[in-house]
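Reading through the structure tokens given below for one structure.
The values are calculated or read from the model by the stated rules, or taken from the named source; none is laboratory data. Treat the numbers as computed from the prediction; the structure is a model and nothing was measured. No Cβ is skipped: glycine too gets one built from the backbone with ideal geometry, and neighbour counts run over all protein chains shown. What goes into the accessible areas is simple: the full protein's heavy atoms, side chains included, and nothing from ligands, DNA or RNA. Shrake-Rupley method; radii C 1.70, N 1.55, O 1.52, S 1.80 Å.
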Amino acid sequence: MNEFLMYLTNGIVIGVINAISAIGVSLIVGIMRVVNFAHGELYIFAGYFSYHLSASLGVPPLLAMPLSIFFIFLIGIGMERTLIRPTYGDEMYSLIITFVLSIVLQNAALLIFGPYPNKPPNLVSGATNIFGLYHYGNQRLLSFFISIGILLFIFYLIKRTWFGKSIRAVSQDREMSSLVGVDHLRVNMLSFGLGAALAGAAGVIVAPIFPVTPTGSSAISLNAFVVVVLGGMGSLKGCVIGGLALGIIENLGAAYLSTMYRNIFGFVILILVLVFRPWGLFGQKAQ
Amino acid sequence: MLEVKEINVFRGDAQILWGLTMKVERGEIVTVLGANGSGKTTLVESILGVHHPKKGRITFLDTEITFKPSFHITRIGISCVPEGRRIFKDMEVYENLEMGAYPEKARISLKETVERVYSLFPILRERKKQIAGTLSGGEQQMLAIGRALMSKPTLLLIDELSLGLSPKITKEIYGAIKKLHQEGMTLLLIEQNAMLALRHSDRGYVLETGRITLQGTSQELLGNEHIRKAYLGM
């Protein structure tokens, strides 16, 4: 029983991180109709940034995390300005460009960081006894709380701020939102940056738990796409529920069925959702 | 206040507007009448910067706005109620109104402007927490007008105000338009429903296949034989 609870906790911790990463994809799809295949690479880069900032340059780990996320945000903005902006109006082009970019970045990561998994130092050590039932690593607990903090921040940003409202308006009706005065090119740019930063946030949170490697990036993108499809396009709540569901199913499946199939569970869910509920758990049926 | 001079507008390869000239003076209500496909919506969208003319110019308060992007045009004081209302359906009524006040200088007085909109359309106050997509057609039109007022425009464009609304609601909304006009608002109405629009406006233009074919005071137009036949069905 305690073992089960531990696997479940693992699933929830990974689940909230999944959710952050997936919201990054979902925002960009919802607002710009662009599928960012280079999502996983941004995540990996963030992991390496935080590793090198703290391990090689001696920046305190707690500062290295936001700094890495900020770098990824800038990279995201740069990507939108140079590569994505010229493709507006033709979804096929942006699809090809981000796909090519994902290959280029993955190989760049191999060149720059090498093929070895790297792991930034833990922020905390030891373990905590959870309700007297089992011991759970403090680093994972901290990652969980940081993730919850980030999720709350995103919900606040989207629901309450002018930027968030303009994001929602643009994703509902781009032309109308410019008629009320929203500069939608600027919103596009910032939300691409935000989407990238969320990939980065997931990357720096995960890196101390699971070391990052350049070749791991496709699985990360795929994972985010599965969550977005599962939760339903453009639904924040969907991303959170979808992320948790995938995290829990993967962890319980790996524990009780086989670790080898860990990544297969995601695909099975993806196929089931596409067959039975193609608009996702919280998405809306297209009219 | 608004001057459209000799504009030629294309959509793709097709020319929609042919040397169109018109103007709206401060404090007026002007109606543009036209059947489906006459180019009414293209005219509205050219003024709003959605399409840019190939030839000609558009000025507002003596500033050229011909090639300005849409978001800029709202910021300088032209606001619109587009055809089909286009409210943000997944957002709350209040959030829709907030979006109307998106331009920097409108945000400062958001609270007062909301109150003004509520006093014009009290139903919106009752519905403020409701998701906008669940409103009735008439309420959605009120919301669209309310949203357009939130930016504190000097010129309000309304495309197809009465489309799909019951006569009762249409009358109610025209009542609100009259009130706005008395408070000093300048309005440009783009309409198929000639009778109501002309009755409530000072001047009118008739748009046919992308050209202005007739213009005059509303009284003149209401008495015109061609208009009576083609638009009023008399």
| query | Can you tell me which residue in segment B:20-46 is surrounded by the most Cβ atoms within 10 Å (Cβ to Cβ), limited to those that are part of a strand (DSSP E or B) and touching a Ser or Thr at 6+ places or on another chain (Cβ under 8 Å)? | reply | B:Thr31
| task | Considering only segment A:230-244, state which residues are over 13 Å from the mean Cα position of the chain (by Cα) and open to solvent by 30 Å² or more (accessible area, probe 1.4 Å). | result | A:Met233, A:Gly234, A:Lys237, A:Ile241
| field | segment A:177-199 residues that are more than 9 Å from chain B (Cβ to nearest Cβ), paired with ones that are among the polar types (S, T, N, Q) (beta carbon under 7 Å, 6 or more apart) | value | A:Val187/A:Ser166; A:Gly195/A:Asn36; A:Leu198/A:Ser21; A:Ala199/A:Ser21
| Among the residues of segment A:148-170 satisfying the criterion of being loosely packed, with under 14 Cβ neighbours inside 10 Å and within 14 Å of chain B (Cβ to nearest Cβ), which is nearest to A:Gly181 (Cα to Cα)? | A:Thr161
| What is the one condition in (1) over 19 Å from A:Leu5 (Cα atoms); (2) surrounded by fewer than 18 Cβ atoms within 10 Å (Cβ to Cβ); (3) of a type outside the set (Phe, Trp, Tyr) that A:Gly132 does not satisfy? | (1)
| task | Please enumerate the residues belonging to segment A:254-285 that are under 16 Å from A:Met233 (Cβ atoms), over 21 Å from the mean Cα position of the chain (by Cα) and open to solvent by less than 70 Å² (accessible area, probe 1.4 Å). | result | none
| said: Can you confirm whether A:Arg160 is modelled with pLDDT of 90 or more, of a type in the set (D, E, K, R) and touching a helix residue (DSSP H, G or I) at 6+ places or on another chain (Cβ under 8 Å)? | reply: no
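Each row is one residue, and each column tells you yes or no for (1) touching a residue at least 12 places away in the same chain (Cβ under 8 Å); (2) open to solvent by 10 Å² or more (accessible area, probe 1.4 Å).
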| residue | (1), (2) |
| --- | --- |
| B:Arg147 | yes, no |
| B:Gly164 | yes, yes |
| B:Glu183 | no, yes |
| B:Leu198 | yes, no |
| said: It is to be established whether one or more residues within segment B:47-55 are facing chain A (nearest Cβ under 9 Å), in a helix (DSSP H, G or I) and either open to solvent by less than 40 Å² (accessible area, probe 1.4 Å) or not polar (S, T, N, Q) (or both). | reply: no
| message | Tell me the residue from A:Leu27, A:Leu42, A:Leu63 that is in a helix (DSSP H, G or I), in contact (Cβ under 8 Å) with a residue 40 or more places away in the chain and open to solvent by 10 Å² or more (accessible area, probe 1.4 Å), please. | response | A:Leu27
| message | Given the criterion in a helix (DSSP H, G or I), more than 20 Å from A:Arg33 (Cβ to Cβ) and touching a Phe, Trp or Tyr at 6+ places or on another chain (Cβ under 9 Å), identify the matching residue among A:Ala245, A:Ala219, A:Ala254. | response | A:Ala254
| Quick check: anything in segment B:95-112 more than 19 Å from the chain's Cα centre (by Cα), away from chain A (no Cβ under 11 Å) and within 28 Å of A:Ser235 (Cα to Cα)? | no
| note | Apart from one, (1) open to solvent by 50 Å² or more (accessible area, probe 1.4 Å); (2) away from chain A (no Cβ under 14 Å); (3) not small (Gly, Ala, Ser) all hold for B:Leu17; the odd one out is (1)
| query | In segment B:81-126, which residues are open to solvent by less than 10 Å² (accessible area, probe 1.4 Å) and in contact with an Asp or Glu (Cβ under 7 Å, 6 or more places away or on another chain)? | reply | B:Val81, B:Phe88
